[in-house]
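Data first, discussion second: the structure below is written as structure tokens.
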Amino acid sequence: MKIVFLLFDRITALDVVGPYEVLARLPGARVVFAAPQAGEIRTDNRMLGLIADVGIADVRECDILVVPGGFGTRILERDEDLLGWLRAIDRTTQITASVCTGSILLAAAGLLENRRANTHWAHRHRLSEHGAIPTPERVVRDGKYATAAGVSAGIDLALSLAMELVSPEVAAAIQLTIEYDPHPPLDCGDAARVPAALRETIVARAKAREVELAAADIRAEPSADRATALRSP
């Protein structure tokens, strides 16, 4: 069973590491980390580096594709090479899955048209921009597409796939092995259960971070291309 995890610059680490810890333990699993270019990518806070084994151009098929999220997805929504690769490899998959804003990439590629899907709660409304149907369940399955809510939901997604692909017994053994038994100290894991002020704080922080990253991208542009970057939406 070939499992491909997409990596990209400014990824959220747990989006990919969480499901990896589950799916890599499946019997017969062969894991490949692929990015637009092989080599190191940095997480959204720039504190952690992850290594892509290969570039996406060298990955033409797989059984399971996992697309994580992170602030880097904003740029990739307009990357036709990446979106074209998603469409091509999706034609070979048994299951195409995403965590957090990874589903927005799948939707931007046209793969979730008229399909139910989820993402991080602060970005859920954006799924409809690409024709998907925003759905607040922690793990959403529509056909062969499995999309998870934000960040930590990738573990739940992977355990549900382990149950389906192998057996509940194997999924249970993996869950016990990684000792996944969450008992958070606060009941703030669902946006529907928290005060509006807390939601607004998180949204404001995310918007500020996006502005900061967009400015960094413009500064990184070659001088000849900077005017074009400034005019870009």
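Listed values, structure above:
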| item | result |
| --- | --- |
| Subset of segment 161-195 (residues that are exposed (fewer than 11 other Cβ atoms within 10 Å of the Cβ) and assigned to a loop (DSSP other than H, G, I, E, B)) | GLU179, ASP181, PRO182, HIS183, PRO184, PRO185, LEU186, ASP187, PRO195 |
| Residues of segment 21-35 satisfying the condition of being in contact (Cβ under 8 Å) with a residue 60 or more places away in the chain and surrounded by fewer than 23 Cβ atoms within 10 Å (Cβ to Cβ) | GLU21, ARG25, LEU26, PRO27 |
| Some residue of segment 153-160 being in a helix (DSSP H, G or I), surrounded by fewer than 15 Cβ atoms within 10 Å (Cβ to Cβ) and touching a residue at least 24 places away in the same chain (Cβ under 8 Å) | no |
| Residue match in segment 126-146 (condition: surrounded by 18 or more Cβ atoms within 10 Å (Cβ to Cβ), at pLDDT 95 or above, under 20 Å from ARG10 (Cβ atoms) and charged (D, E, K, R)) | yes |
| Failed item in (1) surrounded by fewer than 15 Cβ atoms within 10 Å (Cβ to Cβ); (2) in contact (Cβ under 8 Å) with a residue 24 or more places away in the chain; (3) within 19 Å of GLY55 (Cα to Cα), with GLN94 passing the rest | (3) |
| Tally, over segment 36-70, of residues that are buried (at least 23 other Cβ atoms within 10 Å of the Cβ) and either at pLDDT below 95 or not in a loop (DSSP other than H, G, I, E, B) (or both) | 5 |
| Tally, over segment 165-198, of residues that are of a type in the set (Ser, Thr, Tyr) and closer than 15 Å to PRO19 by Cα | 2 |
| Sole exception among (1) farther than 23 Å from ALA149 by Cβ; (2) in contact with a Gly (Cβ under 6 Å, 6 or more places away or on another chain) for GLY18, by number | (1) |
| So LEU106, is it touching a Leu at 6+ places or on another chain (Cβ under 6 Å) and farther than 22 Å from ALA153 by Cα | no |
| Restricting segment 71-91 to residues that are part of a loop (DSSP other than H, G, I, E, B) and out of contact with any His (no Cβ under 9 Å at 6 or more places or on another chain), the residue that is surrounded by the fewest Cβ atoms within 10 Å (Cβ to Cβ) | ARG91 |
| Residues (of a type in the set (Lys, Arg) and closer than 24 Å to ARG193 by Cα) located in segment 95-143 | ARG116, ARG124, ARG126, ARG138, ARG141 |
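The values are calculated or read from the model by the stated rules, or taken from the named source; none is laboratory data. In this text the structure is predicted, and so the values were computed from the model without any measurement. For neighbour counting, all protein chains shown are included, and Cβ atoms are generated from backbone atoms with ideal geometry for every residue, glycine included.
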